[in-house]
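What follows is one structure encoded as structure tokens, with my remarks underneath.
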Amino acid sequence: MDSERKPARKAANGEDSIYWDKSKNRYVGAVSLGYTAAGRRNRAKVTGSTKTEVRRKLRKLKKELEQGSKTLANYTVAQAVEDWLAQGLRGRADGSVYTYRSLARTHITPELGRTKLKSLEADDVDAWLDGRAELIATASLKLLFSVLRRSIAHAQRRGRVVRNVADYVVVPEGRLGRLSKSLSLSQAESILRAEEGTWIHAYVVLALLVGTRPEETRPLTWHHKSRRSLAMPRYVDTVMKAHRYQQQAALEESGRSLFPEGLVFPHPSGTLRTAQDVRRNFRGLLKEAGLPNSESWTTRELRTSFVSLLSDHGLRIEDIARLVGHSGSSTTERVYRKQLRPVSEAGAEAMYEIFGNDNGLSGPRRAAWLPVWLP
């Protein structure tokens, strides 16, 4: 064993301690802060690759503690998360922000929200993660943990807490994720003809033939400014214009008008539809189209079907990845701006060829440019 990693003598009560943590492959240094209200020992921790680094971090931590932290006595985890969502996500795509907010609202605020941030311990986060691991898949659990860790780090940078206890926690394995599936060509043709003239039909046409995400499609407005656009097949353009006309007529009948910032797929009350409402209507359309096990499908699988159909049609995977905004699309937008439009047109043209004149979707290959926000 490296002499640097030989066990040191046990620190006396009140002393600093440095020890090797095999699970983290790093040294950990701890400073005793007394005991919590629950009677548990409260220790601030730092980590490093060597004891020297840990000692330096411990000195810095103790200096901060001696000077007094700016931590607000009643500053809670919920407040830290809200501050990060409001201040730490500037420039992020609307869809990403929506996902983070949804995770925080569903899993963090109800469980940890009232806990004072200065009193939050690694054991609390471990117990919380163990409980969430029984409910959500590993990928979602890691994203959820990232929201908490980044929120505390944001509070750290503003002097509202001395340490980030999330740095000392390992994310457990969550539930096995649900295997995604894709529509076959014949199934896709069937659902494109189901419930024509309804809002859910327009939603399905847009999501399947353009490949938008559910979190992009639900809050889509008629005049949304975005960083990137995708070409629409002519059939999508026709369906969306008819949907807009019907929406306008219904509003005028009730004495209202359609505003440019209005939602494309609003709830009858004019508010944003919930994911559950869209999923329920989508499954009703699938049942109408004659698909078996319609209750097992989700709206996100319209996007996986978009990718699958393009791949089966022979479009290069690199082009599809760019088309759906995978793997650094913001960099692609900035560096390869001139190459984006041909790729986007390729998607519209491929969908025209897949669902072209033989299927009654007549007209030019592509139409207008659809603004979407792809992170």
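Numbers for the structure displayed
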{"read-out": "Qualifying positions in the stretch 86-136 - in contact with a helix residue (DSSP H, G or I) (Cβ under 9 Å, 6 or more places away or on another chain), without any contact (Cβ under 8 Å) to a residue 24 or more places away in the chain and hydrophobic (A, V, I, L, M, F, W, C)", "value": "89, 97, 128"}
{"read-out": "Residue 152 being out of contact with any His (no Cβ under 8 Å at 6 or more places or on another chain), farther than 24 Å from residue 272 by Cα, crowded, with 17+ Cβ neighbours inside 10 Å and of a type in the set (Val, Ile, Thr)", "value": "yes"}
{"read-out": "Where a residue in the stretch 272-285 is over 20 Å from residue 222 (Cα atoms) and its partner, wherever it lies, is surrounded by fewer than 17 Cβ atoms within 10 Å (Cβ to Cβ) and of a type in the set (S, T, N, Q), with Cβ under 6 Å and at least six apart", "value": "283/294"}
{"read-out": "Residue match in the stretch 243-254 (condition: part of a helix (DSSP H, G or I), modelled with pLDDT of 70 or more, on the phi < 0 side of the Ramachandran plot and crowded, with 19+ Cβ neighbours inside 10 Å)", "value": "yes"}
{"read-out": "Considering residues of the stretch 292-320 that are aliphatic (A, V, I, L, M) and closer than 14 Å to residue 191 by Cβ only, the residue modelled with the highest pLDDT", "value": "302"}
{"read-out": "Odd one out for residue 140 among (1) in a loop (DSSP other than H, G, I, E, B); (2) over 22 Å from residue 87 (Cα atoms)", "value": "(1)"}
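The values are calculated or read from the model by the stated rules, or taken from the named source; none is laboratory data. Remember, predicted model here, so these are calculated numbers, not experimental data. Methodologically, a virtual Cβ is constructed for each residue, glycine included, from the backbone with ideal geometry; neighbour enumeration extends over all protein chains shown.
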